[in-house]
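I have placed the structure first, in the form of structure tokens, so that the comments after it can refer back to it.
The values are calculated or read from the model by the stated rules, or taken from the named source; none is laboratory data. Being a predicted model, the structure only gives us computed values, none of them experimental. Cβ placement follows ideal geometry from the backbone for every residue including glycine, while neighbour counts extend to all protein chains displayed.
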């Protein structure tokens, strides 16, 4: 992975994004239907997950935030959860590192842009493995910390990244344990770029079934998902053309342009 610098962190006061974590505003912004850019982005982020979910499966989303996954996931048995008490959630106050669920409860678990907020990813992998049925899937979409995303992070002073942390540590957190909105967008690269190390750490729990590097301009011109920023409204035809350009950029120059990563992990034991 190309690095501008190895680590940088910003306080909440430095953040140039607006409405960060304002869940009610996020839901209202989506439901008014005016931002077609954002609607297309979320469609791209969630629709691919349906390929790994059966109609009869029982599913859970952790770190659901605004719970917009239900707009795009076809499965009707999906329950949303978060480490909060927002009324739109199906299940409230769920710590994804230590849930309240029994062993072998779910056929699939969704984690969309939440893994880089987890203080101890190894605890998350063990816990999701525990509550998944054998052969169940952990379906992840998260940040890909390319040069472009590093530059955007520095410009917007949003969250931050730290390539020096150990994502497999059980004693040293990779994000601020006392701030659920604290994020380290380098975490998924640290976890998944080194396949050999991934297998060594959790190869007895999961096998990687699917991986795809994706997303660039359609995210940058979305207006933000869990925050707000400037965007240029576009019609669907133009957005689709930009999406094709994104595919070219992320396929050929992922370390420079890619901003997102799809991962599906299948439970072994």
From 73, 140, residue being closer than 26 Å to residue 181 by Cβ, in contact with a helix residue (DSSP H, G or I) (Cβ under 9 Å, 6 or more places away or on another chain) and part of a loop (DSSP other than H, G, I, E, B): 73
Give the residue, chosen from 139, 122, that is farther than 27 Å from residue 47 by Cβ and within 17 Å of the chain's Cα centre (by Cα). 122
Go through (1) touching a strand residue (DSSP E or B) at 6+ places or on another chain (Cβ under 7 Å); (2) assigned to a loop (DSSP other than H, G, I, E, B); (3) within 20 Å of residue 226 (Cα to Cα) one by one and return the number of the condition residue 86 breaks. (1)
Quickly run through segment 2-50 and pick out the residues that are out of contact with any strand residue (DSSP E or B) (no Cβ under 8 Å at 6 or more places or on another chain) and closer than 21 Å to residue 257 by Cβ. 2, 3, 4, 5, 37, 38, 40, 41, 42, 43
Given 77, 103, which one is at pLDDT 95 or above, touching a strand residue (DSSP E or B) at 6+ places or on another chain (Cβ under 7 Å) and surrounded by fewer than 19 Cβ atoms within 10 Å (Cβ to Cβ)? 77
Of all residues in segment 40-55, how many are in contact (Cβ under 8 Å) with a residue 40 or more places away in the chain and over 28 Å from residue 242 (Cβ atoms)? 1
Scope segment 248-264; condition touching a residue at least 24 places away in the same chain (Cβ under 8 Å) and either farther than 21 Å from residue 65 by Cβ or more than 16 Å from the chain's Cα centre (by Cα) (or both); matching residues: 249, 250, 251, 254, 255, 256, 257, 258
Please verify whether residue 93 is at pLDDT 95 or above, in contact with a strand residue (DSSP E or B) (Cβ under 9 Å, 6 or more places away or on another chain), over 30 Å from residue 221 (Cβ atoms) and part of a loop (DSSP other than H, G, I, E, B), treating the condition exactly as stated. yes
Name every residue in segment 13-29 that is under 20 Å from the mean Cα position of the chain (by Cα), more than 15 Å from residue 230 (Cα to Cα) and part of a helix (DSSP H, G or I), in order of residue number. 23, 24, 25, 27
Please indicate, with yes or no, whether at least one residue in segment 158-172 is touching a residue at least 12 places away in the same chain (Cβ under 8 Å), surrounded by 14 or more Cβ atoms within 10 Å (Cβ to Cβ), in contact with a helix residue (DSSP H, G or I) (Cβ under 8 Å, 6 or more places away or on another chain) and at positive phi. yes
Can you confirm whether residue 224 is touching a helix residue (DSSP H, G or I) at 6+ places or on another chain (Cβ under 6 Å), surrounded by 16 or more Cβ atoms within 10 Å (Cβ to Cβ) and in contact (Cβ under 8 Å) with a residue 24 or more places away in the chain? no
Those residues of segment 51-62 which are out of contact with any strand residue (DSSP E or B) (no Cβ under 6 Å at 6 or more places or on another chain) and either in a strand (DSSP E or B) or closer than 21 Å to residue 212 by Cβ (or both), in sequence order: 51, 54
Which ones in segment 258-269 are part of a loop (DSSP other than H, G, I, E, B) and crowded, with 18+ Cβ neighbours inside 10 Å? 258, 259
